[in-house]
1. For residue 261 and residue 118, FRET efficiency with R0 = 56 Å and r from the beta-carbon atoms, rounded to 0.05?
2. Give the long-range amide H neighbours of residue 139: residues separated by 5 or more places, or on another chain, with amide H under 5 Å away, using H modelled in the peptide plane at 1.01 Å from N.
3. Any chance you could run the full-extension gain for residue 1 through residue 268? It's 0.36 nm times the residue separation minus the Cα-Cα distance, nm to one decimal.
4. Cβ neighbours within 10 Å, averaged per peptide: list 129-137, 71-79 in order, most packed at the top.
5. Evaluate the distance, in nm, between pseudo-label points positioned 7 Å from the Cα of residue 212 and of residue 314 along their respective Cα→Cβ axes.
6. Please give the direction-averaged projected area of the C-alpha convex hull for the chain, in square nanometres with one decimal.
7. What is the dipole size for the range 16-254, taken about its Cα centre, with +1 at each Lys and Arg Cβ and -1 at each Asp and Glu Cβ, in debye to the nearest 20?
8. Select from the range 276-310 those trypsin sites (Lys or Arg not before Pro) which occupy a DSSP coil region and have at most 12 other Cβ atoms within 10 Å, ordered by residue number.
Amino acid sequence: MHKKLFIPGPVDVRPEVLEAMGTPMIGHRTKDATELQKRVSEKVAKVFMTKNPILLSTTSGTGLMEGSIRSLTAKKAVVFSVGAFGDRWAKLAECNNVPVDLVRAEWGHPTTPEIVDEYLSTGKYDVFTITHNETSTGLMNPVKAIAEVRKKYPDVLWLMDAVSSMGGTPIPVDELGVDVCITSTQKAIGLPPGFSMCSASERALEYGKQVKYRGGYLDLLDLYKYILKKPYQYPSTPSLSHMYALDVQLDYILNEEGLENRFARHLKMAERTRAWAKEHFELFPVEEYASNTVTCIKNTRGISVKDLNAKLGEKGYQISNGYGDLKEKTFRIAHMADRQPEELETLLKLIDEIIPTL
Ligand SMILES: *Cc1c(COP(=O)(O)O)cnc(C)c1O
């Protein structure tokens, strides 16, 4: 039996989109492939609210995190982490021999504009990273306030992980001044996994020229050089299947549902889940910063999350345990991509029925 997924990726994919994944292949050097790539990139840019060129990557989002921090750091990067995915940036830097400082907030708490100001004011860094939506703690960072203080340091490049939020909540990349913004297909966008997208500012791509060892396959500058020069062709064979699926799904997001309605639906489900969580448990993150795409709930009643999920599974539903050290201490309900409020109601009702039996 297929379980309805309430996990923060992969998400359930609309049947039309799954069908589009099965579109017959074409040569990737053909004019049709160029047009597909160009068309999809233009639609992605609308979701990102950016004029910067979009790169489509046949890797999951982590590939673009690695490629961007390695390709763009000439001096030293500072990674502001609020959880497991923030820490990932620092690990990716270290294993690529990129100098990095890791600044961790207490989990459940945000990266504050003050801490960003404090570190950037040292002048030691040419790159900083922010996790827009930390999936492990269910926290959304105050990026508007961060963007304000960052105006004092326009030369420091801002890389942002928006993997689990882009497409589910407004992230106006250009208005914020994010230099490289990254997302994956298998979260709020609503596609199968294995593909990702980013935007990159002109000055980021210019700045990276001084980085000598940018890697090969994930050299951001090389990838961009390729798509910008020979419009929308990639150096190696990309996942055309994901592009077909994106073409269909982005039309749905932009023209059928509409971005505003999509954001409103996500917010509605987030508010409902938070209210339910507070009634029965507690929210893990500081409420003001609770995520609009995934709710992380403190397991204050000491239930077995594993057993809860097993019983939900018998009914055809799946939620997510806590991530890493937060396993069993928290659990997570994702409400992203094309999940509907009515489906969420059914899930919450089921959990209400199961909890007394645990
Ligand atoms: C899922 C996730 C990632 C990892 O993305 P992949 O596409 O699995 O590589 C990174 N950051 C955040 C916030 C995520 O939720």
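1. Here the calculated transfer efficiency is 0.90.
2. So residue 139 has HN proximity to 134, 291.
3. My answer for the length gained is 93.3 nm.
4. 129-137, 71-79
5. The modelled label-to-label distance comes out at 6.3 nm.
6. 17.0 nm²
7. Approximately 700 debye in magnitude.
8. 301
Every number here is computed from the coordinates shown, using simple stated rules; none is lab data. Since we're looking at a predicted model, the values are computed, not measured. Backbone-built Cβ (ideal geometry, glycine too); neighbour counts: all protein chains shown.
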